[in-house]
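Here is the structure we will look at, set down as structure tokens.
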Amino acid sequence: MRKWIIAAVVAVALFSIGAFAASFSLTANNVSSGAAPVTSCNTTANIAWQVNVPADSFTPTSTANYTVTGATITTASGCTNQHYELAIQGAGTFEVHCSGALSGGSSGLITLSSCATTGTGSLPLKVSDTAGAALFIGDSPVTITTS
């Protein structure tokens, strides 16, 4: 008799769980981060490089002695408050990484000595060792023009 009572209790419990699962429904709203998608505010930007020219009479005025000390990014005024990433490739594995926010379409002067560096090398960055540069505004790559 006990076996029948236990079997009946188990059957009722399983039926209740099954009935609950059959009536269970889940609804969800659109799940997102709440942030609007980031698009590039411009496809091109101008970088004006600040170059230190040797001023003494003992240093030859060749490009091997010129150093890049800073840069100013200028782009559309619609890029205000957009985050930028500027990477400058030096000799070998040496890179300089600068980042910040644009104000009125301009970065203001970026001093390379305040930027992060990676790889083998050090600042000052010689013009003759500079292999290239890349610029991202938001998450989008931007074509660089120079002045």
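Across segment 90-147, which residue is nearest to the chain's Cα centre (by Cα) among those that are closer than 14 Å to Trp49 by Cβ and hydroxyl-bearing (Ser, Thr, Tyr)?
Ser107
Keeping to segment 30-75, report how many residues are modelled with pLDDT of 75 or more, surrounded by fewer than 17 Cβ atoms within 10 Å (Cβ to Cβ) and in a loop (DSSP other than H, G, I, E, B).
Of the residues in segment 30-75, 2 are modelled with pLDDT of 75 or more, surrounded by fewer than 17 Cβ atoms within 10 Å (Cβ to Cβ) and in a loop (DSSP other than H, G, I, E, B).
Has segment 109-127 got any residue that is touching a residue at least 40 places away in the same chain (Cβ under 8 Å) and in contact with a Cys (Cβ under 6 Å, 6 or more places away or on another chain)?
Yes, segment 109-127 contains a residue that is touching a residue at least 40 places away in the same chain (Cβ under 8 Å) and in contact with a Cys (Cβ under 6 Å, 6 or more places away or on another chain).
The values are calculated or read from the model by the stated rules, or taken from the named source; none is laboratory data. Not measured: the values here are computed from a predicted model. With ideal geometry, Cβ positions are generated from the backbone for all residues, glycine too; neighbour counts draw on all protein chains shown.
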